Every structure is written in C-alpha cells, then in structure tokens.
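I have placed the structure first, in the form of structure tokens, so that the comments after it can refer back to it.
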Amino acid sequence: SFHAATERQALQPLAVLSGSWEDSAGPCYTQTDTTDLVARAMLWASGADVALLSPGLLENGSVAQWMAAGKTSLTLRDCTRLLPDDSPIVVVELTAHQLRTLLDASAGQYTVSTQDLTISGGKNADLLYGLDYDLYLTGSAGQRVSPLLRDGVPIDDSTLLRVAVPAC
C-alpha cells in the first residue's frame, strides 16, 4: 500500500552523522543549520518546489542531541521530528504573488527599533526555503518583500509553485 511504502521510505537512512553538529543560535529571523536540514528534508520528501516553515517552531529540536546520544544515521522521519508534533508534511499550490503576500505579512511581525536598529518579534514568522528574496522590515505593508528569485532570475507573480508546509 501507499502508506506502507511511504513509511519504509521515511525510515531509510538519509544521511550519516559524523563529527559534531553545532545548532546555530540566534534571533528567530536567523536561518539555522537545523532549519536548513528540516527544509531540505521537507523538499526531498514531498518533491515540492519550495518549503515554507517557521524557524520558531524548531527552537526545541536539535540534531546535536542525536549526535550526543551517539546516533549515526539520520532518516527522513528524524528530520521531520524536529517539527513540534507528528503532523505530516503537506503540499499546497500557491502563486509567487501569494507567497510574497504571506512573506510580507510575516515580515510585519518584526519590530525594528528606530534608536539602535535592533530587531525583535517575529517568533512565528515564516521563511521560504528554495528561492531567494530580501525582506525590508521597515517597509510599509505590501512593500516588505523583494521579488522572488530562482537562480538569480525573478519569478513572475503568476508562477504556480508547489509549497511543502508542516500540517501543524
């Protein structure tokens, strides 16, 4: 059955852990090594074009914990278990314009101090993995996200993309 085949695929070793893993720490607007790993696993598992997730959801997950426990192989299930619950990864179709609108709303969750330009907030803000873009946190609504780029080339707003997201 499809479910059994998917379960077998999720349990296949995906990578071998060696050396040490240093979970990047920093503000939630910082993309970390753990974020990269989870987003890549989401793309690999789903075949989607891009992954959309919130680094704030991953704050309690750590690959370093597995390394300390002597775990040497890493499965797709391990990567998705860094998410806050066992929700499946789902794929939705969104246009580049819809993604930019969503990212613009996420950028609005941050606050930038006018005195010292420190950034705060954004704990539940999303990031898009698989395309390049810039956020302008001090911009006005609708103007906080640059055009999305694939390999340095702007993507038309009408382009339909398959987006992997945690179902939680």
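Along the Cα→Cβ direction, 7 angstrom out, place labels at Ser120 and Ala141. What is the inter-label distance in nm?
A separation of 2.3 nm, rounded to one decimal place.
Ignoring ligands, DNA and RNA, how do Glu93, Glu7 rank by accessible area with a 1.4 Å probe, largest first?
Sorted by accessible area, descending: Glu93, Glu7.
Modelling each spin label as a point 7 Å along the Cα-to-Cβ direction, I'd like the Glu93/Asp132 distance in nm, to one decimal.
Output for this residue pair reads 2.8 nm.
Might you work out the accessible area of Tyr129 for me, using a 1.4 Å probe with all protein chains in place, and round it to the nearest 10 Å²?
For Tyr129, the solvent-accessible surface is approximately 40 Å².
Just add up the charged neighbours of Gly108: K/R +1, D/E -1, any other residue whose Cβ is under 14 Å from the Cβ of Gly108. Let's see the in-between values first.
Values: positive: Arg100, Lys123, Arg144; negative: Asp104, Asp126.
Here the charged neighbours net out to +1.
The values are calculated or read from the model by the stated rules, or taken from the named source; none is laboratory data. Bear in mind that the values here come from a model prediction, so they are computed numbers and not experimental data. Note that each Cβ is placed from the backbone with ideal geometry, even for glycine, and that neighbours are counted across all protein chains shown. For accessibility, only protein heavy atoms count, side chains too; no ligands or nucleic acids. Shrake-Rupley method; radii C 1.70, N 1.55, O 1.52, S 1.80 Å.
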